[in-house]
Amino acid sequence: MAKPAEAVKTSYQGQMHLLQKDMMGRYFERVTRCAEQGEGKAVYMLISGNPVELVQAFDLVPVYPEIDALQLAVKKAALPFIQKAEEIGYSMDNCAYVKADVGMFLGDRKTPFATIPLPSLILCNYVGCNVYLQWFEHLAEYCDGELYNLDIPFLRDPSGKPTKADVDYVVRQLEEVIEVLERLSGKKLDWAKLKRIVALSSETGELWSKIKALTKNVPTPYDAYFDSVTMMAPLYCLRGTEDGLKFFQTALKEMEEKVQMGAGPLPEERFRFVIEGPPPWPYLRTFRDLFSKWGAVAVASTYSTVGGLWEFGFKHDPNRPLESIAEHMLEWNVTNRNFLQRYQQIRRYLEEWSADALVIHSVKSCRLFSAGQGDMREYFTKELNVPTLLIESDIEDPRYFSEAQLKNRIDAFFESLEHQKLVRQTKAAGGKA
Amino acid sequence: MGIDSLIARYREILDESPLDQVAEWKAKHPGTKVVGCYPVYSPVELIHAAGMLPVGIVGGGNRLEIAHADSRFQSFVCSIVKSTLELAMVDKLAFLDGIVFHSICDPARNLGSVYKRNFPRLMVEYIHFAQNLTSPHTIDYLTAEYRRLMTSYEQLAGKPITDDALRQSIRIYNEQRQLLRELYAIRAEKPQNLSTLESYILTRIGTLMPPDEHIAILKEALAGIRQRDERPKDRIKVVLEGSFCEQPPLELIEGLEAAGCYILDDDFLLGWRWFPADVPAEGDPVRNLAESYLHQSVYSGVKHDTRERKSKHLIDKVKETGAAAVLILAAKFCEPALFDYALYRQALEKAGIPHLYLEFEEKMWIFDKARTEVETFVESMLFD
Ligand code: SF4
Ligand code: SF4
């Protein structure tokens, strides 16, 4: 059996990554100017299916506590904030995204990447995750920002679609949000501008969905988990802007070139897997290497659809701006879909992206993703016969990452996959296993 | 029957296997469909008005061994999610024809999906309760949500729900809730005459039977309790918060009070006591139920009302009842209860109200530690 190369550390550093750094840097500068010089007003929102188009239309500054928590984890700066939150009463067992953010929020809000402004509006787009409601409720207790709960009914109908009452309810609420934003910004909504922004989102989403289809190629031009996260930041922070669009045009071009050259993120693509669950931000690099050394690359991930699910045909429609924002929030993101819809999403990935296996990364913080993943494993192994690996750590809290344990599990899994592959190849060649 | 033996009889049922009570009922009424309600609140009137029996599926207690469900839900998920799945996996819910889950937290929601996949014979429903309590449009949404649900119930029952039947169900449950409020009022006023465990037993038993039977029991019990005239013991008075979903074992509830306090109010089985006033029966009954949910239901960790801070409600409750302290009793791994605690703790400290924080699991067997903690807390308060 072929031995895995020790410590393959390949990652792609192309134009896309540089552009991303540059643009996100500028975004964080804007956030910092808002905090330090009072330039503009900050609107807090969640990532999952959000109405950023409205916020952009009023030139307000979108701030995402989730992105801040994520950055804190990546910069290995989260733990002291988590501990600070635990000191004032948050539990070991609460989502650590919230704890890192609250710990930071209650201090001077200075982070290694930006100074975070106080919110003028805390717009809780409650899309799927119940913790969102707690999180923003808590922030509202800690400051004077106005709180608006934008309630998005969960997909619960057997049809898998929102009901008409759901859509009406969300559109009516979006109209109310517009009134709040008008009051906050002191200007009337410019509908033509909103339509332009929604058109930008529409184009951006389409580019993103084309980029996602490219991972159907063998080899895949990029890793749909570890490299997708690079593209997710502009998708969320810059959607609806010219910058955001430019980023995705560049990314698509670059990825298409790679497909043409037959280039991928690893020297050799030996296994293609679908991955479910958020990444362990504090140890992303280490985690990636555990797969890379086996020549294993992610060809699709559910995590990259948290903010929106574009690859199955959704597009914002500038002619129906509010309705299409509502549809995005209700239906076209993984968080607001029920658990069984997620099974089907993964199943499509496995089939249409020709993957060999499913990896479930179960994170303690995020029960929205993780609660019940044992049943998911049961479905894929028993009903569909898909080799499935379930491993545990955390999205934010570095205390829950055990490299040795993960390594053992991942090595054992790919060793057995390799063995099965060999048996199949021998059989196909007419030999004996 | 004397009040003591009445309560003892129901304690025995709850101690042994409460769900057998429902199974027996179903055996006697094979033609009637039974719909289980997961916590916290469910509009049971909609089920009742369709001629079906709504029952509380409130976990597996501490007599159930979890042998299968822990391979589906991880170690960091609360007990009630796992025990509720286990109950179905070991076929202890054969009497159910349907079950309804609610938008209370992410694990409970995913549990609904897991039920759907694993037990296709059951009707599995899910209610998304509104979380925007300030928009004038919310009422239309929630009314439509209840109507959607009714279609599902009508299908299961095989008959339509008429407005008159629904009004009648609302009246019955109003009466039941009114009697429960009377029970709680006695405790708040003269806790020496009714222990928390007793009131818990009398409430819980009602989740396992038709409401009219429960009403008869409550009436008999209230009459008995009103005869009591005990002398108050030297105990501190507290309000208990945090057990709105998963329920602590009876022994723990008993132990808490025995350790030296009177619990004047609590949030056990909160969903069955959801309204502090009657739901209007006249007019559009579906809309009334929705309206009551939005504008006159109790506060809770699973409802996010931006109009008033949750911690203010708790502090008001302490002041209104005249309690001296708060006992937070949160289910282990219960995300909403744990988050609430962070807010409660800061607000209680600010208001100078002492509190004790405890965690429990429905499956727990040993209560010494909790008891000692309460004793120490009580002592520190009595000799302060
Ligand atoms: S539970 Fe998950 S989705 Fe919700 S805030 Fe935490 S990490 Fe985000
Ligand atoms: S105990 Fe808490 S976490 Fe568990 S199902 Fe109930 S509300 Fe959800």
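Of note:
- Accessible surface, segment A:15-428, averaged per residue in Å² (probe 1.4 Å): 33
- Entry note, chain B: relative contact order of 21 percent, from Cα contacts under 8 Å with a spacing of 6+ residues.
- Share of pairwise Cα separations in chain B, more than 32 Å, in percent: 31
- Here the accessible area of segment A:15-428 is 50 percent carbon and sulfur, with a 1.4 angstrom probe and all protein chains present.
- Accessible area per residue, Å², segment B:13-164 with all protein chains present, probe 1.4 Å: 32
- Long-range amide H partners of B:Tyr38 with built H, under 5 Å: B:Ile57, B:Val100
- Taken along the Cα-to-beta-carbon direction at a fixed 7 Å, the label points for A:Gln341 and A:Glu268 span 4.2 nm.
- Dipole in debye (nearest 20) - segment B:13-164, about Cα centre, beta carbon charges: Lys, Arg +1; Asp, Glu -1: 400
- Under 5 Å, built H, 5+ apart or other chain: amide partners of B:Leu53: B:Lys33, B:Val34, B:Val35
- Inter-centroid distance (Cα atoms) of segment A:34-54 relative to segment A:220-290, Å: 25
- Estimated [θ] at 222 nm from DSSP helical runs (n ≥ 4, -39500 (n - 2.57)) normalised by residues in chain A, nearest 500: -16000 deg cm²/dmol
- Förster-model FRET efficiency, 60 Å R0, B:Asp140 and A:Gln420, C-beta, rounded to 0.05: 0.65
- When only Cα pairs below 8 angstrom with a gap of at least 6 residues are kept, segment B:200-329 shows a relative contact order of 32 percent.
- List of segment B:305-348 residues, accessible area with partners at least 50 Å² below that of the chain alone (1.4 Å probe): B:Thr306, B:Arg309, B:Glu335, B:Leu338, B:Phe339, B:Leu343, B:Arg345, B:Gln346
- For segment B:89-143 versus segment B:218-240, the gap between their alpha-carbon centres in whole angstrom: 36
- Chains B and A together bury some 4800 Å² of accessible area, summed over both sides, with a 1.4 Å probe.
- Among A:Thr215, A:Thr302, A:Thr286: highest mean-square fluctuation, GNM of chain A, C-alpha pairs under 10 Å: A:Thr286
- Low-density loop cleavage sites - trypsin sites (Lys or Arg not before Pro) in segment B:102-161, where at most 12 other Cβ are within 10 Å (DSSP): B:Arg121
- Estimated FRET transfer efficiency when R0 is 30 angstrom, pair A:Lys210-A:Arg26 (beta carbons, to 0.05): 0.75
- DSSP bridge pairs, the protein assembly as shown: antiparallel proportion in percent, nearest 5: 0
- Cross-link pairs exceeding 25 Å between alpha carbons, from the set B:Lys26/B:Lys116; B:Lys28/B:Lys159; A:Lys216/A:Lys315; A:Lys216/A:Lys421; A:Lys41/A:Lys212; A:Lys164/B:Lys116: A:Lys41/A:Lys212.
- Site pair B:Lys369 and A:Asp59 shows an inter-label distance of 5.9 nm when each label is modelled 7 Å from Cα along Cα→Cβ.
- A:Asp144/B:Gln296 FRET efficiency (R0 25 Å; Cβ-Cβ; nearest 0.05): 0.30
- Springs between Cα atoms under 10 Å define the GNM used for chain A, and in it the highest mean-square fluctuation of A:Tyr169, A:Tyr303, A:Tyr44 occurs at A:Tyr169.
- Summarising the amide proton neighbourhood of B:Ala331: residues at separation of 5 or more, or on other chains, whose placed amide H is nearer than 5 Å comprise B:Phe360.
- Karplus-based coupling profile of segment A:389-402, in residue order and whole Hz: 10, 10, 10, 10, 7, 9, 7, 9, 8, x, 6, 9, 10, 10, with θ = phi - 60° in 6.51 cos²θ - 1.76 cosθ + 1.60 and x standing for Gly or Pro.
- The fraction of all Cα pairs in segment B:13-164 landing in successive 5 Å bins from 0 to the largest distance is 2, 9, 18, 21, 20, 15, 9, 5, 2, 0, given as whole percents.
- Using a cutoff of 8 angstrom between alpha carbon atoms and counting only pairs six or more residues apart, the relative contact order for segment A:376-433 works out to 19 percent.
- Rounded Å value of the spacing that divides the Cα centres of segment A:300-325 and segment B:281-303: 34
- Karplus-derived 3J(HN,Hα) values for segment A:172-178, using 6.51 cos²θ - 1.76 cosθ + 1.60 with θ = phi - 60°, are 4, 5, 4, 4, 5, 4, 4 Hz; glycine and proline are entered as x.
- For the protein assembly as shown, radius of gyration divided by Kirkwood radius, i.e. Rg to Rh on alpha-carbons: 0.98
- Pairs over the 22 Å Cα-Cα cut-off, from the set A:Lys84/A:Lys364; A:Lys293/A:Lys407; A:Lys84/B:Lys319; B:Lys303/B:Lys350: A:Lys84/B:Lys319; B:Lys303/B:Lys350.
- Estimated vicinal HN-Hα couplings, Hz - segment A:56-66 in sequence order (Karplus 6.51, -1.76, 1.60; Gly, Pro = x): 5, 5, 9, 6, 8, 9, x, 10, 10, x, 5
- Value of [θ]222 nm, deg cm²/dmol, for chain B, DSSP H segments ≥ 4, -39500 (n - 2.57) each, nearest 500: -16000 deg cm²/dmol
- Chain A: radius of gyration over Cα atoms, expressed as a fraction of 2.2 N^0.38 Å: 0.98
- Shielded residues, segment B:145-189 - accessible-area loss of 20 Å² or more between chain alone and all protein chains, probe 1.4 Å: B:Arg148
- Once the Cα-Cα distance is subtracted from the 0.36 nm per residue extended length, the A:Ser402 to A:Leu106 segment shows a gain of 103.6 nm.
- Carbon + sulfur, % of accessible area of segment B:13-164 - ligands and nucleic acids excluded, 1.4 Å: 50
- Spin-label pair B:Lys312-B:His68: with each label point 7 Å from Cα along the Cα-Cβ axis, the two points sit 4.9 nm from one another.
The values are calculated or read from the model by the stated rules, or taken from the named source; none is laboratory data. What you are looking at is a predicted structure, and each value in this text was computed from that prediction instead of being measured. Here the Cβ is made from the backbone with ideal geometry for all residues, glycine too, and neighbour counts use every protein chain on show. The accessibility values were calculated without ligands, DNA or RNA, using every heavy atom of the protein model including side chains. Shrake-Rupley method; radii C 1.70, N 1.55, O 1.52, S 1.80 Å.
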